[in-house]
Amino acid sequence: MQAWCADGHEPLMITSGRGCELTDQHGRTYLDGNSSIWTNIHGHGHPTLNAAIRAQLEKVAHTSFLGFTHEPAIRLADELTGLFPGRPLSRVFYSDDGSTAVECAMRMTLQYWGQDGHPERSTILSFDRAYHGDTLGAASVGGIPVFKGSGNDFGYKTLRVPDLESLGRLTEQQVQSLAAVIIEPLVQGSAGMRLWPKGMLKELAAWCRERDIFLILDEVMTGFGRTGTMFACQQEEVVPDFLCLAKGLTGGYMPMAATLTTERVFEGFLGAGRTFYYGHSYTASQLGCAAALASLQVFREEQVLEQLPAKVACLTELLEDLRRLPRVMDVRQCGLVAGIEVGPWPAGELRGAKACLAARKHGLLTRPVLDTLVLMPPLSVSLEELARMVAALRHGIEETSAQA
Ligand SMILES: *Cc1c(COP(=O)(O)O)cnc(C)c1O
């Protein structure tokens with residue numbers, strides 16, 4: 001805030017957007033290199049999404065979901081559950097954002113085991129460097145210290161491990177205390193786009209299944225095509241017990257989240273005294289549901305997933321160029337998600353942030369995770385825009401390296 005309030009600092013204000021392009025208060029345009037913090041899917045001002053939100057607005061913007069339902073929510077649940085063949089995830093619980101999608105999954109697992117005669121299953125296992133959101137509960141399974149506030153002494157009982165191999169070193173008692181394992185599949189986003197080894201997710205799912213421990217997949221960032229498939233877990237043929245969705249669910253147009261789960265979990269909550277006392281005022285917002293339905297419609301109508309392989313391959317090729325820069329230490333890519341690690345520079349120099357600011361002058365908006373520059377364009381990005389984005393990043397890195 002001190003830097004923000006300092007004399008001479010003029011905050012950037014975005015006033016409009018079309019496709020991958022955003023315009024600021026002075027009429028300058030930028031490419032949206034991080035999909036407006038990992039949310040946007042089909043670009044800004046998409047006619048199908050805009051029209052769907054307008055049409056919904058003419059009917060009603062929002063109504064309570066506590067003891068009521070409505071058509072957009074019913075249709076959306078039908079479409080979301082239909083995204084997996086055979087509908088193994090047959091039930092949908094709506095909330096507002098990624099953190100609450102995760103909270104909801106964790107609270108369901110704990111209550112499920114509590115009322116299923118297994119109160120000892122009260123611990124949630126997560127991974128080092130994980131990020132699952134900023135509310136107390138979601139942060140308690142996070143593995144990045146700065147996002148946990150002071151003390152870290154709150155939230156759920158958790159057990160944190162660095163990798164899959166460490167599961168083999170847990171004691172029998174620790175394993176029996178587990179209600180669920182939570183992970184960001186394929187790639188840990190806020191850790192700096194860190195990729196899990198290939199096949200890790202599949203092995204983890206098998207480990208959980210053998211012990212009847214729930215698997216919660218946090219696809220808040222990876223969902224809706226980011227990694228090249230509709231969901232990251234589909235690349236390893238894994239179906240979790242809980243799938244947490246938010247950011248891209250509405251194409252990045254409205255705040256909204258969904259937690260998908262199985263018939264088994266749903267049935268665990270039937271009967272007296274088994275109510276799941278959890279809900280938010282804006283649960284299943286009608287405008288949000290309308291936007292999400294429109295986003296799925298665009299996926300079908302514009303064959304968005306079918307067009308991804310060419311874009312992913314183009315990005316891979318463009319990134320090769322960055323790899324050769326002396327200050328680029330590592331380039332990680334998963335679908336249309338890329339992390340470009342620069343340095344080594346002392347952490348306090350914030351050179352990652354400086355490189356992004358330098359790239360801004362070349363028409364790219366993005367934000368780093370420490371010294372990892374993030375490139376995560378909307379799926380609607382063109383090959384030409386991809387090239388401009390990477391060129392701007394290159395300028396940013398080169399200028400920052402020259403000053404170091
Ligand atoms: C962003 C994010 C969240 C939190 O979502 P919010 O909508 O910001 O609450 C949770 N998990 C992952 C993997 C995320 O990237």
**Request:** Being open to solvent by 10 Å² or more (accessible area, probe 1.4 Å), assigned by TED's automatic domain parsing to the domain that holds Gly228 and without any contact (Cβ under 8 Å) to a residue 24 or more places away in the chain narrows it down to one of Ala313, Ala272, so name that one.
**Result:** Ala272
**Message:** So in the range 219-243, with the set limited to residues that are surrounded by 24 or more Cβ atoms within 10 Å (Cβ to Cβ) and either over 15 Å from the mean Cα position of the chain (by Cα) or of a type in the set (Asp, Glu) (or both), which one is nearest to the ligand (Cβ to nearest atom)?
**Reply:** Glu219
**Asked** Residues Ala338, Ala294: which one is in a strand (DSSP E or B) and in contact with a Leu (Cβ under 9 Å, 6 or more places away or on another chain)?
**Response** Ala338
**Message:** On the basis of being assigned by TED's automatic domain parsing to the domain that holds Leu217, within 16 Å of the ligand (Cβ to nearest atom) and open to solvent by 10 Å² or more (accessible area, probe 1.4 Å), does Thr158 make the cut?
**Reply:** yes
**Item:** Qualifying residue in the range 185-193 (condition: of a type in the set (S, T, N, Q), open to solvent by 10 Å² or more (accessible area, probe 1.4 Å), over 19 Å from the mean Cα position of the chain (by Cα) and within 16 Å of the ligand (Cβ to nearest atom))
**Value:** no
**Item:** Residue count for the range 78-98, restricted to those that are in contact (Cβ under 8 Å) with a residue 40 or more places away in the chain and small (Gly, Ala, Ser)
**Value:** 3
**Request:** Scan the range 164-191 for residues that are part of a loop (DSSP other than H, G, I, E, B) and in contact (Cβ under 8 Å) with a residue 12 or more places away in the chain and jot them down.
**Result:** Ser177, Glu184, Pro185, Leu186, Gly189, Ser190, Ala191
**Item:** Residue among Leu31, Leu49 that alone is in contact with a Phe, Trp or Tyr (Cβ under 6 Å, 6 or more places away or on another chain) and within 29 Å of Ala290 (Cβ to Cβ)
**Value:** Leu49
**Message:** Given the criterion surrounded by 22 or more Cβ atoms within 10 Å (Cβ to Cβ) and under 23 Å from Asp218 (Cα atoms), identify the matching residue among Leu260, Leu308, Leu287.
**Reply:** Leu260
**Asked** Within the range 49-58, is there a residue that is away from the ligand (no atom under 16 Å from the Cβ), in contact with a Ser or Thr (Cβ under 8 Å, 6 or more places away or on another chain) and not polar (S, T, N, Q)?
**Response** yes
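Here's the yes/no breakdown for (1) within 16 Å of the ligand (Cβ to nearest atom); (2) assigned by TED's automatic domain parsing to the domain that holds Leu186; (3) loosely packed, with under 15 Cβ neighbours inside 10 Å; (4) modelled with pLDDT of 95 or more:
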site: Leu66; (1), (2), (3), (4): no, yes, yes, no
site: His70; (1), (2), (3), (4): no, yes, no, yes
site: Gly86; (1), (2), (3), (4): no, yes, yes, yes
site: Met106; (1), (2), (3), (4): yes, yes, no, yes
site: Gln115; (1), (2), (3), (4): no, yes, yes, yes
site: Phe127; (1), (2), (3), (4): yes, yes, no, yes
**Message:** Looking only at the range 25-38, how many residues end up being surrounded by fewer than 17 Cβ atoms within 10 Å (Cβ to Cβ) and more than 16 Å from the ligand (Cβ to nearest atom)?
**Reply:** 5
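The values are calculated or read from the model by the stated rules, or taken from the named source; none is laboratory data. Small disclaimer: the values here were computed from a predicted structure and weren't measured. Positions of Cβ are backbone-derived with ideal geometry, glycine not excepted, and every protein chain shown enters the neighbour counts. Surface areas here come from the heavy atoms of the whole protein model, side chains and all, with no ligands, DNA or RNA. Shrake-Rupley method; radii C 1.70, N 1.55, O 1.52, S 1.80 Å.
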